[in-house]
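Please read the structure below before turning to the comments.
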There are 2 protein chains.
Amino acid sequence: MTVLPDIQLVLRPNVIEMRLGSPDPALLPVGDIARAAELALCRDGPQALAYGAEQGPRRLLEPLAAWLAQREGRAIAPAELLITGGVSQGLDLLCTLLTRPGDAILVQSPVYHLALRIFADHGLELVPVASEDGGLCVDGLAASLETLARAGRTSQFLYLVPTFCNPTGISLTDERRAAVVRLAEAHGLTILEDDVYRELWYDAPPPAPLQDLAAAGTVIRLGSFSKILAPGLRLGWLTAATGMVARCVNSGLLDSGGGLNHFTAHVAAAYLDLGLLDGHIERLRAAYRQRRDALLDGLARFMPADCRWIASGGGFFVWVQLPEGCDSGALLPIAEQAGVSFVPGARFCTGGGGERYLRLAFSLLPEAELAEGARRLGAVVDRKILGND
Amino acid sequence: MTVLPDIQLVLRPNVIEMRLGSPDPALLPVGDIARAAELALCRDGPQALAYGAEQGPRRLLEPLAAWLAQREGRAIAPAELLITGGVSQGLDLLCTLLTRPGDAILVQSPVYHLALRIFADHGLELVPVASEDGGLCVDGLAASLETLARAGRTSQFLYLVPTFCNPTGISLTDERRAAVVRLAEAHGLTILEDDVYRELWYDAPPPAPLQDLAAAGTVIRLGSFSKILAPGLRLGWLTAATGMVARCVNSGLLDSGGGLNHFTAHVAAAYLDLGLLDGHIERLRAAYRQRRDALLDGLARFMPADCRWIASGGGFFVWVQLPEGCDSGALLPIAEQAGVSFVPGARFCTGGGGERYLRLAFSLLPEAELAEGARRLGAVVDRKILGND
């Protein structure tokens, strides 16, 4: 009989699992979340366990709006904020409300591969917009918009991760942010800004969100407690124009079930009210910075000279370009045999490409393992170049 | 500035809110859920807060399968069980995976009105199947299936609440259950059995689920912790053939976000493991039985002679038929003026009808208020008949 798993993360013995872009469970603040859960139930009692207000409970909306304003230096009205069940759930709801199967959407390529799976379940046609070292390619966006327009079609939205992108680690530059927003406004294009890595910067704060540069209504920005607190809470938020928030609030799903995750929203509210979040993010930054450095050091030491990568300034990932002729998909079983895993680049790319790339995650593993993982990966690529595999 | 609400329930002063079909927050086991949350975090630590296994955590799947088997006298393999974020979320996911906009689905009429809103968000065409005193009308189902077939169409599924139906309180008889299942099997029709009131019976246990009578794969049954534990946990389950469970597990939403509500699933698991659920359900039954009796007594005392209702054997609702010529939608503002509310019957009916009916909920209010609510309603209907309104 199969033993059912409890968590999503499955680690194989003897494999350094750099494929897994998950927060390290050892970094989850279990004791403080227990305190927050106790406080939430103690101060609000049944209120924390009843059907929640559709937009999310006032208990969380108010301190979250204040926290976002303090962190990001821009006031957010509570009416522009919706509590979600995490980014995945938020994307799923937006697809239900904004799209119909067969609709075209523009997606950054490469971009978070599992968002693409959610879009596919909604029957959407994915139109790629190429990214390069500076992030989403503005000319590529203009060209994709023009192609659609010539076919008499429009895109329901553009999905991208402009800040510490999964999988590339790259942030869109200020100039490109402005250009992307201008193009979107000119074309009436809605932008879904997946912004889950914003707080996890290791060298310098990232550029302002696209949302801050755009007219109200252009950008829907998705945030999450998954990376900065705990993914098992299934809790996030989105900021958007009040009309879009109202559209979500008035959906059948929220009318029927109430707010998307009422009890865990109360737990997160208590965690915020206890003043624990900023210090925790500081600790996460310190831990993940060390891990990023360990991986970058390992890559510098062990990867063959004709491999390339960009030092990620935040997030969970490093995106490695292999030497010409190297296919990361073909390399994966060999690497796993040698005790190291990654995600092949093609998984993140819509409409082909990405074969020369692979994604390494440094969020889950301690420094020594990351260094050893880089060593094993370097050896595998070396052997491949020498034609011994 | 508007004050944001914390919970969905909004009670107006001086109105006896019999429109609200919500569990009474005063009956939520706050202290025991706090114990369960503490135990969940104490015994599993980060495991309870990481990305959860897509199907739901083993921690909950195993005791829930055992609990269902013990309560319902039928073994359920864990592979036939999926943890959901409540029935609303489960319905939403099934619509995404099983339907496309424009598809026809069969819906019991009258039936839970907010499920209809979820279906509408997915662009589905609702084809009503009439219900009567014994529950869903079998001839009506046959006729609807035939109408669709003649138009060269099929229905993606039939949605119904066969046990202590919302809004009617009626349970489908054993004979009709067998007939509905036979018809569905003959037509290859999938049944979505919304079974959230099963445990809340006040006189005698309800008939076996449709799922128990059907070949594997015919019925997807949705259960929930909302009515028997706490709606704010946003937690439920579905039982289905292993292939259907696998289809949900392999969806983009679950691949991306992990199990649907991992932390609250751990809390519910701890609550089950502490052996608290059966006793709590016993207490709920006793409380809701008294409320049901108080409402039925009040209706018998105060409603005009030409009103009709069926004594509900379980669930949260009584469905009242008004005298001929009385329209419950027109009556509502008058009733609210007189300090009592209800939901007009037409809201639950697809394709028209229901104007002579109204739904009263007895779950939320104490006995004295229910009796007074019946008195106020009776007086309003009386005045209406006499033509004084």
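Each of B:Met244, B:Leu233, B:Phe263 was placed along the dipole of segment B:211-343 (beta-carbon charges, centred on the mean Cα), and the one lying farthest toward the positive end is B:Phe263. Between A:Ala149 and A:Leu11, the distance separating the two model label sites (each 7 Å from Cα on the Cα→Cβ line) works out to 5.2 nm. Ordering of B:187-196, A:185-194 by packing is B:187-196, A:185-194, highest average first (other Cβ atoms within 10 Å, averaged per residue). Starting from the label point of B:Asp297 at 7 Å along Cα→Cβ, the same points in the other copies fall at 7.7 nm, in ascending order. Taken about its Cα centre, the protein assembly as shown carries a charge dipole of roughly 20 debye when the Cβ of each Lys and Arg holds +1 and the Cβ of each Asp and Glu holds -1. Got a number for carbon plus sulfur as a percent of the protein assembly as shown's accessible area, 1.4 Å probe? Here it works out to 52 percent. Over segment B:124-165, the hull volume per residue, using the convex hull of the C-alpha atoms, is 68 Å³. What residues does segment B:17-40 have that are buried by at least 40 Å² of accessible area in the full protein assembly compared to the chain on its own, 1.4 angstrom probe? Hits at the 40 Å² cut-off: B:Val30.
Taking a ≥ b ≥ c as the square roots of the eigenvalues of the Cα gyration tensor, segment A:34-100 is classed as oblate, since a/c reaches at least 1.5 and a/b does not exceed b/c. Once the other residues with Cβ under 15 Å from the Cβ of A:Arg58 are scored (Lys, Arg +1; Asp, Glu -1), what is the net sum? Around A:Arg58, the surrounding residues sum to -4. Largest mean-square fluctuation among B:Arg375, B:Arg12, B:Arg221, in a Gaussian network model of chain B whose springs join Cα atoms under 10 Å apart, belongs to B:Arg12. Considering only DSSP beta bridges whose two residues both sit in chain A, what percent are antiparallel, to the nearest 5? Counting DSSP beta bridges with both partners in chain A, the antiparallel share is about 55 percent.
Accessible surface calculations at 1.4 Å, restricted to protein heavy atoms, place chain A at 34 Å² per residue. Quick one: grab the alpha carbon gyration tensor of segment B:86-226, order the square roots of its eigenvalues as a ≥ b ≥ c, and give me rounded if a/c is under 1.5, else prolate or oblate depending on whether a/b is larger than b/c. Cα axes put segment B:86-226 in the oblate bin. Rounded to whole Å, the principal axis extents of the Cα atoms in chain B read 64, 56, 48, largest first.
Considered as an equivalent ellipsoid built on the Cα gyration tensor, segment A:149-300 has semi-axes of 28, 25, 13 Å, the largest given first.
Contact residues in segment B:223-256 (at least 30 Å² less accessible area with all protein chains than alone, 1.4 Å probe): B:Pro231, B:Gly232, B:Arg234, B:Gly252, B:Leu253, B:Asp255, B:Ser256. With a ≥ b ≥ c taken as the square roots of the eigenvalues of the C-alpha gyration tensor of segment A:1-132, please select rounded if a/c is under 1.5 and otherwise prolate if a/b is larger than b/c or oblate if it is not? It is oblate, given that a/c is not under 1.5 and a/b is not larger than b/c. Sequence-ordered 3J(HN,Hα) estimates for segment B:241-257 from the Karplus curve with 6.51, -1.76 and 1.60 and θ = phi - 60° stand at 4, 4, x, 6, 4, 5, 4, 5, 4, 8, 6, x, 4, 7, 4, 6, x Hz, glycine and proline given as x.
In this calculation the C-beta distance from A:Ala66 to B:Asp278 is compared with R0 = 41 Å, giving a FRET efficiency of 0.45. Relative to the Cα centre, the charge distribution of segment B:103-187, modelled as +1 at Lys and Arg Cβ and -1 at Asp and Glu Cβ, gives a dipole magnitude of about 120 debye.
Each copy carries a label point for A:Glu38 at 7 Å from Cα along the beta-carbon vector; from one copy to the others these points are 0.7 nm apart, nearest first.
Since only A:Gly314, A:Pro304, A:Ala361 are under comparison, the one whose Cα sits farthest along the positive direction of the charge dipole of segment A:290-389, derived from C-beta charges on Lys, Arg, Asp and Glu, is A:Gly314.
Binning the C-alpha pair distances of segment B:280-389 at 10 Å intervals from 0 yields a P(r) profile of 15, 48, 29, 7, 1 %, listed from the shortest bin outward. For segment B:1-102, trypsin sites (Lys or Arg not before Pro) are listed when DSSP marks them as loop and at most 13 other Cβ atoms sit within 10 Å of their Cβ; the list is B:Arg74.
With a Förster radius of 30 Å applied to the beta-carbon distance between B:Ala368 and B:Asp212, the computed FRET efficiency rounds to 0.15.
Charges were assigned to the Cβ only: +1 to each Lys and Arg, -1 to each Asp and Glu. The resulting dipole of chain A about its Cα centre is roughly 180 debye. Provide a list, ordered by number, of residues in segment B:67-97 showing at least 50 Å² less accessible area with every protein chain present than when their chain is taken on its own, using a 1.4 Å probe. Output list: B:Asp92, B:Thr96. Between this copy and the others, label points of A:Leu27 are 4.5 nm apart in ascending order, each placed 7 angstrom from Cα in the Cβ direction. Summed over both chains, the area buried between A and B is near 5900 Å², taken from the accessible surface of protein heavy atoms with a 1.4 Å probe. Remark: the protein assembly as shown projects, on average over all directions, an area of 33.8 nm² (convex hull of Cα atoms). Axis-proximal residue of chain A for the rotation onto chain B, reported as residue and distance in whole Å: A:Ala37, 2, based on Cβ position.
The values are calculated or read from the model by the stated rules, or taken from the named source; none is laboratory data. Please read all numbers here as calculations on a predicted model, not as lab measurements. As a convention, Cβ positions derive from the backbone with ideal geometry for all residues, glycine included, and neighbour counts pool all protein chains shown. To get the accessible areas, we keep the full protein, side chains included, count just its heavy atoms, and leave off ligands, DNA and RNA. Shrake-Rupley method; radii C 1.70, N 1.55, O 1.52, S 1.80 Å.
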